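Below is one structure; the comments refer to it alone.
The values are calculated or read from the model by the stated rules, or taken from the named source; none is laboratory data. Quantities reported herein were computed from a predicted structural model and do not represent experimental measurements. Virtual Cβ from ideal backbone geometry, glycine too; neighbours counted across all protein chains shown. The area values use the complete protein model at the heavy-atom level, side chains included, leaving out ligands, DNA and RNA. Shrake-Rupley method; radii C 1.70, N 1.55, O 1.52, S 1.80 Å.
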Amino acid sequence: MRIGIFGGSFNPPHKMHYNIGIELLNKDYVDKIIYVPTGIKYKYKNNLIANRHRVKMLELMIGNDDRFIISDYELKDNNVLTYDTLDYFKELYPNDDIYFVCGTDNLSYVDEWDRGSYLLENYKFLVINRCTDPVDKILERFCKYKNNIIVSDILPNGLSSTEIRNKIKNTEDISDLLNDEVINYIMFNNLYK
């Protein structure tokens, strides 16, 4: 089986997160998607709401589709690095292929990550072209790992959780950005106000 590891803050999880997962499955890039919300201690995000809220919203977003799983692996008191996460899933699924789902924006500086070369050597990167970063130049830079980098034909719509949080704060319409269950959860719990 081919398993896509889709990490992110999911603060909140929105339609683009869902649509990327669905398209990766429907276009036969992977057989299963595991959403891995980053922990509250993640050093690059300082405005994350409680883990339980983000997990619950992911649950509401994916519904009963058993092709999706939500993992709490990174929801720890310490910062978990990408290589730890991918190694964990490789150990959990030793007979399956592990794909790390990321945008070209992340791939463009993967060599600066802790053990970035190790990741490129040992895992497949399933890349979503963010259009902000020229994919050809990135691939040229990482040409020695070209067999482990798969650029999908999925184009994101540029939607961002930051934009959604700002709209919620300003009581603007978000009905096209999140599914109804997630919106209801946000309103009921008075999140992002």
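Some notes on this structure:
- Residue ranges of helices (runs of 4 or more DSSP H) in region 37-149 with at least 1 members among the charged types (D, E, K, R), closer than 14 Å to Ser9 by Cβ and at pLDDT 90 or above: 51-62
- Filtered residue count, region 152-178, keeping only those that are out of contact with any helix residue (DSSP H, G or I) (no Cβ under 6 Å at 6 or more places or on another chain) and either part of a loop (DSSP other than H, G, I, E, B) or closer than 18 Å to Thr104 by Cβ (or both): 12
- Close pairs (9 angstrom Cβ cut-off, 6 or more residues apart or separate chains): in contact (Cβ under 8 Å) with a residue 40 or more places away in the chain in region 49-71, basic (Lys, Arg) anywhere: Met61/Lys15; Arg67/Lys32; Phe68/Lys32
- Top-ranked residue of region 48-76 - restricted to ones that are over 14 Å from the mean Cα position of the chain (by Cα), charged (D, E, K, R) and over 23 Å from Asn190 (Cβ atoms), ranked as least open to solvent (accessible area, probe 1.4 Å): Asp65
- Any chance Ile33 is of a type in the set (A, V, I, L, M), in a helix (DSSP H, G or I) and within 24 Å of Asn147 (Cβ to Cβ): no
- Check on Gly103, in contact with a strand residue (DSSP E or B) (Cβ under 9 Å, 6 or more places away or on another chain) and either open to solvent by 40 Å² or more (accessible area, probe 1.4 Å) or under 23 Å from Ile20 (Cα atoms) (or both): yes
- Residues satisfying the stated conditions in region 83-94, i.e. touching a residue at least 24 places away in the same chain (Cβ under 8 Å) and out of contact with any strand residue (DSSP E or B) (no Cβ under 9 Å at 6 or more places or on another chain): Tyr83
- Failed item in (1) out of contact with any Ser or Thr (no Cβ under 6 Å at 6 or more places or on another chain); (2) open to solvent by 20 Å² or more (accessible area, probe 1.4 Å); (3) among the hydrophobic types (A, V, I, L, M, F, W, C); (4) in contact (Cβ under 8 Å) with a residue 24 or more places away in the chain, with Val135 passing the rest: (1)
- Of all residue pairs spaced 6 or more apart or on separate chains, those with beta-carbon atoms under 8 Å, a first member in region 109-123 that is open to solvent by 90 Å² or more (accessible area, probe 1.4 Å) and a second member that is not aromatic (Phe, Trp, Tyr) are Arg115/Leu81; Glu121/Asn148.
- Checked against (1) open to solvent by less than 90 Å² (accessible area, probe 1.4 Å); (2) not in a helix (DSSP H, G or I), Tyr185 meets all criteria but (2).
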